[in-house]
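Trainee: Right, I'll just put the structure down here and ask away after.
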Amino acid sequence: MAPIILATLALCPAAAWLGRQRARRARWLALWPLAATLWFAHAWWSVLSGAVRFESFEWIPLLGLSLSFRLDALSGLFAMLIAGIGTCIVVYGAHYLDEHPYSGRFQATLFAFMAAMLGVVLADNGLALFVFWELTGFTSYLLIGFEHEKPEARRSALQALLVTGSGGLALLAGMVLLSQATGSFSLLDAAQSGAARENALYPAIVLCVLFAAFTKSAQFPFHFWLPNAMAAPTPVSAYLHSATMVKAGVYLVARMTPALGGTSLWTTLIVVVAGATMLGAAFRAVREIDLKKILAYSTVSALGTMMLLFGLGTQACIAAAIAYLVAHAFYKGTLFLVTGIVDHETGTRDVTQLSGLRKVMPFTAAAGGLAAASMAGLPPLLGFLAKEQAYDAVLEQPFVPIVLMAALVLASALLGTAGLIVGVGPFAGARTSPEHAHEAPRGMWQNPVLLASLGALGVAAPWLSKPLGAASSAVFGAPVEIALSLWHGFTIPLLLSGVTLVLTLVFYSQREALRRLGLPKGFRTERLYHGALRLLDAASDRLAPPLQDARLQSYVLLFVLTTTALISAALVATGRDPVSRAFLTPRVHEVLVVGLILVAALSAVRARRTMAAVLSLGTAGYGVALTFSLYGAPDLAMTQFAVETLTAVIFVYVFWQFPEMGERSPRAIKIRDAVISGASGLMVAALTLNAAMNPTSSRLRDFYAEAAPTIAHGRNIVNVILVDFRALDTLGEITVLVTAAVGVTALLRIAAAEKVVR
């Protein structure tokens, strides 16, 4: 698994070069995802019996972290969809972007995204999952903003990055909290232990994980980014927004169900959010006239349906969600590719200007019609199986209100209507489309025909029971037995399917009237996003000028104040009181040294002449050196004496011609600085005492003590660390100082030369 992910990433430069030479040649790159699909199919078939494939590599051994990958029936199913549909997209994109100046960049980014998605579904380590999760967000940002000359593409890409990126940060927090609750970053360990549900951190973990899932899978109120992402080229929309990226949130919910599911908090949050998304987006889909916008909102609604089924969490609901996920990948990928062909060959995506294309685009029309039939739930297609399973599963719920069942039927009918609008509308009726329209090249129409044909696997329903049941078992955490069939007799689900089909035909015939209806109240949450951005901009306008005023004094003040506040808050939060526990028995000479340091520091602060301030600082430094000497650190004392002497000499040399101090600060500024300085000093003192009173075990301390005389042949451990064990650090510090000295010398010479010229 790891070699496949790495190899996919390694192909990015080759994809960029090949696509730049000639876009159509990039279709040969599809051989790699095709080979990966076959490998995943073979591995998936071998794990259907319940066996799981693991790969683990040492990541950060000192922290006990390993980079682990797991291929079970669930992750294997997702991996096959990612690699398989990716194969079609590579070929399709090579023809779609033929002669495009950035086709090489498209192919390279596509392969990077494919590798990231494979990492998301195969990772068993929470931190690795987060890394791949964020990589999908970054690569999708590049793909959505592919046409970067267009302002709309740039805005949509940034919006998708900000929304899904915020969810990524929540995912990181959730994984860290989950590791605290279970003692491991392994998702499998978290699922098997079940300790997370009994931990006090459980509500926070659920909120973080679901926030990440909702933002990635465009659930209400974060649904708006996905339709806006249709600014991307159609191959991107077909891949990211129907089969891969937007299903990452659904996958996360499915993967975390064994560890976090089964509680009222988990179920209620998912059902409420997913139900609102399912119904609201389905209604919005039939109101649009842009083919891609229709598909985008219908995708949001379908994702809500999957979330709803996973949230209910019963065996039947999970099995229905898995079937729905597979059916959706095939018919929605087909419809996006069909939309791309229509747009590519006619120059428009406006459904009101498209009709009668079936004669000039027979293959595309056939693929669109088959996919639309599956989306509408006609037998014997996969869409029919998924819809029947969903109805049957929801009916089995003991306390499901009738309103939920009605919402599911209504949403299904609206989604079927959207499928007919996209897959049938442009091809049916009399010809009104542009006269120059013609069938796409074979390399383009073959891909939607293939995906649409896979949607007809509903005829093999009995043979699909075992693989889909195994994937459901991986989600449920226990064996799940399902029996898929096209005919279960005259049942309530069959009746509901008939009602859905009738409603679909009615809605399709009244689609113009549906477009004139208003939007669902409260569904325009994009205004919240723009309002948040405006609020951040306003806050930045207020805060940036005083914080970024190009004065070193302001930067130092901000740094000291922030550091003092954070460390003081941490000390208070721990509840430790190092001062009362410190054993203070000062001796007379120690008191004299401390008094000397304090007097010198006060003298430096109150000095009015430069030389007096320099000498006072030197005296304070000598007092610190005496302290080192009194406590058995003669090497540090000698270093301090040398540094203070050299510093005093340099200051005298530089400032001798500035006998008077500059303009003094106002009294209010002095008081402010005195308070901050005093607080900072108290914080450092408390932190030092806390470290002294609460020593931590250190393996490095023992290592240095043993290795200094034997390996480095030196008994002064501090010196050995500086010149042997940390020699590169010391060399770096010396290099920085030398570089700074050279820069200062150059500035002084420039100033002297300008003075001579004047």
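Trainee: For the range 197-221, give me each residue that is open to solvent by 10 Å² or more (accessible area, probe 1.4 Å), assigned to a loop (DSSP other than H, G, I, E, B) and either within 23 Å of residue 419 (Cα to Cα) or small (Gly, Ala, Ser) (or both). Give the steps one after another, and end with the answer.
Mentor: Filtering the range 197-221 down to residues open to solvent by 10 Å² or more (accessible area, probe 1.4 Å) leaves 197-204, 207-208, 211, 214, 220-221.
With assigned to a loop (DSSP other than H, G, I, E, B) added as a condition, the list becomes 199-201, 220-221.
Those that are open to solvent by 10 Å² or more (accessible area, probe 1.4 Å), assigned to a loop (DSSP other than H, G, I, E, B) and either within 23 Å of residue 419 (Cα to Cα) or small (Gly, Ala, Ser) (or both): 200, 220.
Trainee: Looking at (1) over 26 Å from residue 93 (Cα atoms); (2) open to solvent by less than 10 Å² (accessible area, probe 1.4 Å); (3) at pLDDT 90 or above, which is the only condition residue 421 fails?
Mentor: Result: residue 421 passes all but (1).
Trainee: Scan the range 479-494 residue by residue and report those that are hydrophobic (A, V, I, L, M, F, W, C) and free of Cβ contacts under 8 Å to residues at least 60 places away in the same chain.
Mentor: Within the range 479-494, the first condition is being hydrophobic (A, V, I, L, M, F, W, C), and the residues that meet it are 480, 482-484, 486-487, 490, 492, 494.
Within the range 479-494, 483, 487, 490 meet the criteria.
Trainee: Let me ask something else. Pull up the range 100-118, narrow it to residues that are modelled with pLDDT under 85 and of a type in the set (Ser, Thr, Tyr), then point me to the one that is surrounded by the fewest Cβ atoms within 10 Å (Cβ to Cβ). Explain how you work it out, then say what you get.
Mentor: Step one: filter the range 100-118 for residues modelled with pLDDT under 85, giving 100-104.
Then drop every residue that is not of a type in the set (Ser, Thr, Tyr), which leaves 102-103.
Details: 102: 18, 103: 26.
My answer is 102.
Trainee: Return yes when residue 146 is hydrophobic (A, V, I, L, M, F, W, C) and open to solvent by 10 Å² or more (accessible area, probe 1.4 Å) and no when it is not.
Mentor: Against the criterion (hydrophobic (A, V, I, L, M, F, W, C) and open to solvent by 10 Å² or more (accessible area, probe 1.4 Å)), residue 146 does not qualify.
Trainee: Could you say which residue among 38, 34, 97, 62 is closer than 19 Å to residue 113 by Cα and open to solvent by 60 Å² or more (accessible area, probe 1.4 Å)?
Mentor: On the way: 38 fails: closer than 19 Å to residue 113 by Cα; 97 fails: open to solvent by 60 Å² or more (accessible area, probe 1.4 Å); 62 fails: closer than 19 Å to residue 113 by Cα.
After ruling out the rest, the residue left standing is 34.
Trainee: Which of the residues spanning the range 597-611 are open to solvent by 70 Å² or more (accessible area, probe 1.4 Å) and out of contact with any Pro (no Cβ under 9 Å at 6 or more places or on another chain)? Don't jump to the end; show me each part of the working.
Mentor: Taking the range 597-611 and keeping what is open to solvent by 70 Å² or more (accessible area, probe 1.4 Å), we get 598-599, 602, 605-606, 608-609.
Correct list: 598, 599, 602, 605, 606, 608.
Trainee: Also, I was wondering about something else. For residue 184, indicate whether it is of a type in the set (S, T, N, Q) and part of a helix (DSSP H, G or I).
Mentor: On the way: of a type in the set (S, T, N, Q): yes; part of a helix (DSSP H, G or I): no.
No.
Trainee: Can you work out which of the residues in the range 688-713 that are in contact with a helix residue (DSSP H, G or I) (Cβ under 6 Å, 6 or more places away or on another chain) and under 29 Å from residue 734 (Cα atoms) is least open to solvent (accessible area, probe 1.4 Å)? Outline the logic, then answer.
Mentor: First, the residues of the range 688-713 that are in contact with a helix residue (DSSP H, G or I) (Cβ under 6 Å, 6 or more places away or on another chain): 689-690, 693, 704, 708, 712.
Still in the list and also under 29 Å from residue 734 (Cα atoms): 704, 708, 712.
On the way: 704: 44, 708: 0, 712: 25 Å².
Step by step, filter the range 688-713, then rank; the result is 708.
Trainee: Name the single residue, out of those in the range 651-669 being open to solvent by 80 Å² or more (accessible area, probe 1.4 Å) and at pLDDT 70 or above, that is nearest to residue 615 (Cα to Cα).
Mentor: 653
Trainee: Would you check if residue 437 is open to solvent by less than 40 Å² (accessible area, probe 1.4 Å), more than 21 Å from residue 294 (Cα to Cα) and of a type in the set (A, V, I, L, M)?
Mentor: Working: open to solvent by less than 40 Å² (accessible area, probe 1.4 Å): yes; more than 21 Å from residue 294 (Cα to Cα): yes; of a type in the set (A, V, I, L, M): yes.
So residue 437 fits the description; yes.
Trainee: Quick check, is residue 186 surrounded by fewer than 22 Cβ atoms within 10 Å (Cβ to Cβ), at pLDDT 90 or above and polar (S, T, N, Q)? Please lay out each step first, then the result.
Mentor: On the way: surrounded by fewer than 22 Cβ atoms within 10 Å (Cβ to Cβ): yes; at pLDDT 90 or above: no; polar (S, T, N, Q): yes.
When the stated conditions are applied, residue 186 does not pass them.
Trainee: Related question: Could you list all residues from the range 714-735 that are surrounded by fewer than 10 Cβ atoms within 10 Å (Cβ to Cβ) and in a helix (DSSP H, G or I)? Walk me through how you get there before you give the answer.
Mentor: Here is the first cut: in the range 714-735, the residues surrounded by fewer than 10 Cβ atoms within 10 Å (Cβ to Cβ) are 715, 728.
Residue satisfying the conditions is 728 alone.
Trainee: Of all residues in the range 714-758, which are free of Cβ contacts under 8 Å to residues at least 12 places away in the same chain, closer than 21 Å to residue 638 by Cβ and β-branched (Val, Ile, Thr)?
Mentor: Those that are free of Cβ contacts under 8 Å to residues at least 12 places away in the same chain, closer than 21 Å to residue 638 by Cβ and β-branched (Val, Ile, Thr): 723, 730, 734.
Trainee: Which ones in the range 575-602 are part of a helix (DSSP H, G or I) and at pLDDT below 75? Spell out how you get there, then give the answer.
Mentor: Applying the first criterion (part of a helix (DSSP H, G or I)) to the range 575-602 yields 578-581, 588-602.
Passing the criteria: 578, 579, 580, 581.
Trainee: Sticking with this one: State yes or no: is residue 54 over 24 Å from residue 91 (Cα atoms), in contact with an Asp or Glu (Cβ under 9 Å, 6 or more places away or on another chain), touching a residue at least 24 places away in the same chain (Cβ under 8 Å) and open to solvent by 20 Å² or more (accessible area, probe 1.4 Å)? First the steps, then the outcome.
Mentor: Numbers: over 24 Å from residue 91 (Cα atoms): yes; in contact with an Asp or Glu (Cβ under 9 Å, 6 or more places away or on another chain): yes; touching a residue at least 24 places away in the same chain (Cβ under 8 Å): yes; open to solvent by 20 Å² or more (accessible area, probe 1.4 Å): yes.
The answer is yes for residue 54.
Trainee: Based on this model, can you work out whether residue 678 counts as modelled with pLDDT of 85 or more, out of contact with any Gly (no Cβ under 9 Å at 6 or more places or on another chain), surrounded by 17 or more Cβ atoms within 10 Å (Cβ to Cβ) and assigned to a helix (DSSP H, G or I)? Full working, then the answer.
Mentor: Working: modelled with pLDDT of 85 or more: yes; out of contact with any Gly (no Cβ under 9 Å at 6 or more places or on another chain): yes; surrounded by 17 or more Cβ atoms within 10 Å (Cβ to Cβ): no; assigned to a helix (DSSP H, G or I): yes.
The answer is no for residue 678.
Trainee: Taking the range 351-374 only, how many residues are among the aliphatic types (A, V, I, L, M) and open to solvent by 10 Å² or more (accessible area, probe 1.4 Å)? Reasoning before the result, please.
Mentor: Narrowing the range 351-374 to residues among the aliphatic types (A, V, I, L, M): 351, 354, 357, 360-361, 365-367, 370-373.
If we keep only those that are open to solvent by 10 Å² or more (accessible area, probe 1.4 Å) as well, we get 351, 360, 365-366, 370, 373.
Total satisfying the criteria: 6.
Trainee: Which of the numbered conditions does residue 497 fail, given that it passes all the others? Conditions: (1) loosely packed, with under 10 Cβ neighbours inside 10 Å; (2) within 30 Å of residue 387 (Cβ to Cβ).
Mentor: Of (1) loosely packed, with under 10 Cβ neighbours inside 10 Å; (2) within 30 Å of residue 387 (Cβ to Cβ), only one is false for residue 497: (1).
Trainee: If you check residue 559 against the conditions, is it modelled with pLDDT of 80 or more and open to solvent by 90 Å² or more (accessible area, probe 1.4 Å)? First the steps, then the outcome.
Mentor: Numbers: modelled with pLDDT of 80 or more: yes; open to solvent by 90 Å² or more (accessible area, probe 1.4 Å): yes.
When the stated conditions are applied, residue 559 passes them.
Trainee: Sticking with this one: For the subset of the range 313-341 comprising residues that are in a helix (DSSP H, G or I), open to solvent by 10 Å² or more (accessible area, probe 1.4 Å) and not aliphatic (A, V, I, L, M), which member is farthest from residue 298 (Cα to Cα)?
Mentor: Among those residues, the one meeting the criterion is 315.
Trainee: Here's a follow-up. Taking only pairs six or more apart or across chains, which ones have beta-carbon atoms under 7 Å, a first residue in the range 376-405 that is over 26 Å from residue 422 (Cβ atoms) and small (Gly, Ala, Ser), and a second residue that is open to solvent by 10 Å² or more (accessible area, probe 1.4 Å) and assigned to a loop (DSSP other than H, G, I, E, B)?
Mentor: Qualifying pairs under 7 Å: 393/314.
Trainee: Please list, ordered by first then second residue, the pairs with beta carbon atoms under 8 Å, 6 or more apart or interchain, first in the range 449-468 and open to solvent by less than 30 Å² (accessible area, probe 1.4 Å), second of a type in the set (Lys, Arg).
Mentor: Taking only residues 6 or more apart or on different chains, not a single pair turns up.
Trainee: Tell me, yes or no, whether the range 275-288 has at least one residue that is in a helix (DSSP H, G or I), closer than 25 Å to residue 132 by Cα and not charged (D, E, K, R). Reasoning before the result, please.
Mentor: Here is the first cut: in the range 275-288, the residues in a helix (DSSP H, G or I) are 275-285.
Next, only the ones that are closer than 25 Å to residue 132 by Cα stay: none.
Within the range 275-288, not a single residue is in a helix (DSSP H, G or I), closer than 25 Å to residue 132 by Cα and not charged (D, E, K, R).
Trainee: Inspect all residues belonging to the range 703-713 and state whether any of them is over 41 Å from the mean Cα position of the chain (by Cα), part of a loop (DSSP other than H, G, I, E, B) and in contact (Cβ under 8 Å) with a residue 60 or more places away in the chain.
Mentor: Checked the range 703-713: no residue is over 41 Å from the mean Cα position of the chain (by Cα), part of a loop (DSSP other than H, G, I, E, B) and in contact (Cβ under 8 Å) with a residue 60 or more places away in the chain.
Trainee: Separate question: State the number of residues belonging to the range 487-535 that are among the acidic types (Asp, Glu) and at pLDDT below 85. Walk me through it before giving the result.
Mentor: Our first condition is that a residue be among the acidic types (Asp, Glu); within the range 487-535, this holds for 512, 526.
Now restrict to residues that are at pLDDT below 85: 526.
Of the residues in that region, 1 qualify.
Trainee: Out of (1) touching a residue at least 60 places away in the same chain (Cβ under 8 Å); (2) open to solvent by 10 Å² or more (accessible area, probe 1.4 Å); (3) of a type in the set (A, V, I, L, M); (4) farther than 26 Å from residue 423 by Cα, the odd one out for residue 270 is which?
Mentor: Tallying (1) touching a residue at least 60 places away in the same chain (Cβ under 8 Å); (2) open to solvent by 10 Å² or more (accessible area, probe 1.4 Å); (3) of a type in the set (A, V, I, L, M); (4) farther than 26 Å from residue 423 by Cα, residue 270 fails exactly one: (2).
The values are calculated or read from the model by the stated rules, or taken from the named source; none is laboratory data. This one's a predicted model, so the numbers in the text were calculated from it and none came from an experiment. Here Cβ is always computed from backbone atoms with ideal geometry, including for glycine, and neighbour counts include all displayed protein chains. Only protein heavy atoms, including side chains, enter the accessible area calculation; ligands, DNA and RNA are left aside. Shrake-Rupley method; radii C 1.70, N 1.55, O 1.52, S 1.80 Å.
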